[in-house]
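Working notes, structure below.
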Amino acid sequence: MLCSPVYQPRTIHEGAIIDSHSFVDPRYQAYCQPIENKLRRLREAVHRLGLEFGPNRFEEISALKRQLTAFDLKQRNNAHSLFLNRLSPACKYCNRAEGSTTFILTLACNRDCFFCTNRNQHNYEQLSRTTNDVISQFDNFAQRQKTVQAVALTGGEPLLHPDMCRDFFHHVKAHDARIHTRLYSNGDLVTDDMLSSLSPWLNEIRLGLKPDMYGEFLLQPIGDVLSCCARHISQVTVEVPVMPNSFANMVALLELCNTLDIFSVNLLEFLFPWHHADWYQKQGYRIKKRPYKVLYNYDYAGGLPIDGSETEALRCLLHASRHEFRVGVHYCSLENKLTSQIYQQNKAVHPAPTELASQEDHFLKSVRFLGTDADKAYRILRNCGVRRLIRDIEQRTLECHPEDLLHLKTSDIREAVLTYAVAENEKAEGLTVVREVHMEQIDPQTFDPFGL
């Protein structure tokens, strides 16, 4: 059921990122300056840990994506997800999280990877010593869903408790045999007997194959694990963070997976989880120039993307395309993991008349003008019969729906801001509040609102 939110006064929320100096009109510069404070504090926090930011790789990444268009790749979720050949059904549900979720059995693990993000999970200390009642958690989740489509069990290392894994998946399939089930594991503990006991209720196993600190893989034992899994589970997926400068090692892993004819490989952005900064510094790793398109308080406990990881992952995808690999290869960016939260927060909200609910990244978007631009835009739009406007005469601001920019193509207005908004629940007041969290500079004469 859609709800009517309380709209905050249209001041700028600090969660946004914009380069205010790119505006010609100083009013826009002043208006957007508070937005930059959040990014400045993020950069200061990273520098205090002894890490630096990498260069702008926009042109390099764009060039790789242009090369990929020559092949039969599919793109999803505003091109944050690119895949070759095939994709796990669970990945298809991920960007909206409709009827799809993952349960943490335990955060205990037989490994201690320096880039592990589990320390960012809620109740890490407790769950590294205990287990969750995942069967009860599933029952509560299923009661709130029209249809459950995909369910996963993760850790830590779930196979520290193989009987609990078996009981969980048996319970899920008893609820609805059509649910796609998957298990995350590092693969160290798998045996034929263990997988044989799981196989009646498990559709997919995802093996988090971790390279060492130099990005290298032990291919012989990895091949043994993959072969063992393939004997019992129909979909074997490898998930691996792609480290910078690891192309040769990654290609060797992809060739092994292709030779063994496993289902797919998920190439993930390599992340800095806000700890072990000395390890990252020692390896010369830097943070991605723009860690997020929209800087926001995301629930995903991953961390910040590392510079060079995305370019290396795209090179791997290009290599697999050129050499006609049969294995599925999927580039899953950090941005791809974040959109489900925005969708879930905004899906039950009535957009304001001036807002567009994006089908690409799920933000609520509108256009704002300031000063004389606001006055001009108001006169033109009203003369064109546009009524979905929010005008503040005292502050000299105007907000309009992005599609109404078509009426301004021949005007002399050359600056405006495209705003991004997110609905948040204020539990104390029992209200849904819509906040602006991001802004982009646009030119009303050239901007295409139909790509939002």
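The values are calculated or read from the model by the stated rules, or taken from the named source; none is laboratory data. As the structure is a prediction and not an experimental result, all values here were calculated from the model. Note that we place each Cβ from the backbone using ideal geometry, even for glycine, and neighbour counts take in every protein chain shown. Calculation scope for accessible area: heavy atoms of the full protein, side chains included, ligands and nucleic acids excluded. Shrake-Rupley method; radii C 1.70, N 1.55, O 1.52, S 1.80 Å.
Does region 55-114 come out rounded, prolate or oblate, given a ≥ b ≥ c as the square roots of the eigenvalues of its C-alpha gyration tensor, rounded meaning a/c under 1.5 and, failing that, prolate meaning a/b above b/c?
Details: a/c = 2.54, a/b = 1.53, b/c = 1.66.
The shape class here is oblate.
Over all alpha-carbon pairs in region 382-443, figure out the percentage whose distance exceeds 16 Å. Could the numbers behind the result be given before it?
Details: 1127 of 1891 pairs.
In whole percent, the share of Cα-Cα pairs in region 382-443 beyond 16 Å is 60.
Let a ≥ b ≥ c be the square roots of the eigenvalues of the Cα gyration tensor of region 120-279; is it rounded (a/c under 1.5), or, if not, prolate (a/b larger than b/c) or oblate?
Working: a/c = 1.95, a/b = 1.34, b/c = 1.45.
Verdict is oblate for region 120-279.
Keeping all protein chains in position, work out how much accessible area Leu189 exposes to a 1.4 Å probe, and write it in Å² to the nearest 10.
Spelled out: Leu189, probe radius 1.4 Å, area about 50 Å².
What accessible surface, in Å², does a 1.4 Å probe find on Thr419, ignoring ligands, DNA and RNA and rounding to the nearest 10?
0
Quick one: if you stick a label point 7 Å off each Cα along the C-beta vector at Ser62 and Ile135, how many nm between them?
That separation, rounded to one decimal, is 5.5 nm.
Please state the charge dipole magnitude for the chain, taken about the Cα centre, from unit charges on C-beta atoms (+1 on K and R, -1 on D and E), reported in debye and rounded to the nearest 20.
On the way: 51 positive and 55 negative charges, 164 e Å.
Rounded to the nearest 20 debye, it is 780 debye.
Roughly speaking, what % of Cα-Cα pairs in region 276-384 are separated by over 20 Å, rounded to a whole number?
Values: 3774 of 5886 pairs.
The share of Cα pairs beyond 20 Å in region 276-384 comes to 64 percent.
With +1 on each Lys and Arg Cβ and -1 on each Asp and Glu Cβ, how big is the dipole of region 185-292 about its Cα centre, in debye rounded to the nearest 20? Kindly include the intermediate steps, with their values, before the conclusion.
Details: 8 positive and 12 negative charges, 136 e Å.
Magnitude of the dipole: close to 660 debye.
For helix 26-48, report the angle its Cα long axis makes with the longest principal axis of the Cα atoms of the chain; keep it between 0 and 90° and round to the nearest 10°.
20
Taking a 1.4 Å probe, which of Tyr280, Tyr292, Tyr124 shows the most accessible area, and what order do the others take after it?
Working: Tyr280 0, Tyr292 30, Tyr124 55 Å².
Most to least solvent-accessible, the answer reads Tyr124, Tyr292, Tyr280.
Considering only C-alpha atoms, what is the centroid distance from region 279-300 to region 190-238, in Å?
The distance from the Cα centre of region 279-300 to that of region 190-238 comes to 29 Å.
Put +1 on the Cβ of every Lys and Arg and -1 on every Asp and Glu Cβ in the chain; which of His275, Val349, Gly155 then has its Cα farthest towards the positive end of the dipole?
My answer, from the dipole projection, is Val349.
Of Lys288/Lys409; Lys74/Lys210; Lys146/Lys210; Lys92/Lys210; Lys289/Lys376; Lys92/Lys409, which ones are farther than 31 Å apart at the Cα?
Working: Lys288/Lys409 35 Å; Lys74/Lys210 26 Å; Lys146/Lys210 36 Å; Lys92/Lys210 24 Å; Lys289/Lys376 37 Å; Lys92/Lys409 38 Å.
Beyond 31 Å between Cα atoms: Lys288/Lys409; Lys146/Lys210; Lys289/Lys376; Lys92/Lys409.
If you take the square roots of the eigenvalues of the alpha-carbon gyration tensor of region 187-344 and sort them as a ≥ b ≥ c, do you get rounded (a/c under 1.5), prolate (a/b over b/c) or oblate? Working shown, then result.
Working: a/c = 1.72, a/b = 1.46, b/c = 1.18.
The shape class here is prolate.
Computed FRET efficiency, Cβ-Cβ of Ala348 and Lys92, R0 25 Å: what is it to the nearest 0.05?
Numbers: r = 22 Å, r/R0 = 0.89.
It comes to 0.65.
Efficiency by 1/(1 + (r/R0)^6): what FRET value for Thr102 and Lys74, r their Cβ-Cβ distance, R0 = 22 Å, to the nearest 0.05?
Values: r = 23 Å, r/R0 = 1.05.
That pair, Thr102 with Lys74, gives E of 0.45.
Name the residue farthest towards the positive end of the dipole of the chain from the options Gln395, Pro291, Cys316, assuming +1 on Cβ of Lys and Arg, -1 on Cβ of Asp and Glu, about the Cα centre.
Highest projection toward the positive end goes to Gln395.
Accessible area of Cys91, 1.4 Å probe, to the nearest 10 Å²?
Number for this one is 10 Å².
Run the quick spin-label model on Asp375 and Asn245: label points 7 Å from Cα toward the beta carbon, then report their separation in nm to one decimal.
Output for this residue pair reads 5.8 nm.
Please report the projected area of region 76-215's Cα convex hull averaged over all directions, in nm². List each step's numbers first, then the result.
Working: hull surface 39.4 nm².
So the Cα hull casts an average projection of 9.8 nm².
Taking only DSSP H segments of four or more residues, each worth -39500 (n - 2.57), what value at 222 nm results for the chain once the sum is divided by all its residues, to the nearest 500 deg cm²/dmol? Present the calculation step by step, with values, prior to reporting the outcome.
Values: 13 runs with 148 residues, N = 452.
Taking each H run of at least 4 residues, the total per residue is -10000 deg cm²/dmol.
What does the charge dipole of region 59-118 about its Cα centre add up to, to the nearest 20 debye, if the Cβ of each Lys and Arg holds +1 and the Cβ of each Asp and Glu holds -1? Write out the running numbers ahead of the final one.
Values: 8 positive and 5 negative charges, 48 e Å.
Magnitude of the dipole: close to 220 debye.
To test your reading of the geometry: what angle, between 0 and 90 degrees and rounded to tens, separates the Cα axis of helix 371-383 from the longest principal axis of the chain?
90
Charges on Cβ only, +1 for Lys and Arg, -1 for Asp and Glu, centred on the Cα centroid of the chain; of Pro449, Leu42, Pro221, which one is farthest towards the dipole's positive end?
Final value for the positive-end residue is Pro449.
Per residue, how much accessible area does the chain have with a 1.4 Å probe, in Å²? List each step's numbers first, then the result.
Values: 20710 Å² over 452 residues.
So the chain comes to 46 Å² accessible per residue, rounded to a whole number.
Thinking of region 240-317 as a set of Cα atoms, what percent of all their pairs are more than 22 Å apart?
Numbers: 939 of 3003 pairs.
Here the tail beyond 22 Å accounts for 31 percent of pairs.
Helix 309-322 versus the longest principal axis of the chain: what is the Cα-based angle in degrees, 0 to 90, to the nearest 10?
Taking Cα atoms only, the helix is inclined about 70 degrees.
Arrange the residues Arg435, Arg27, Arg231 by how much accessible surface each exposes, largest first, with a 1.4 angstrom probe. Before the final figure, lay out the partial values.
Numbers: Arg435 40, Arg27 95, Arg231 145 Å².
The ranking, largest first, comes out as Arg231, Arg27, Arg435.
What is the projected area of the convex hull of the Cα atoms of the chain, averaged over all directions, in nm²? Don't jump to the answer; show the numbers that get you there.
Values: hull surface 92.5 nm².
Result: 23.1 nm².
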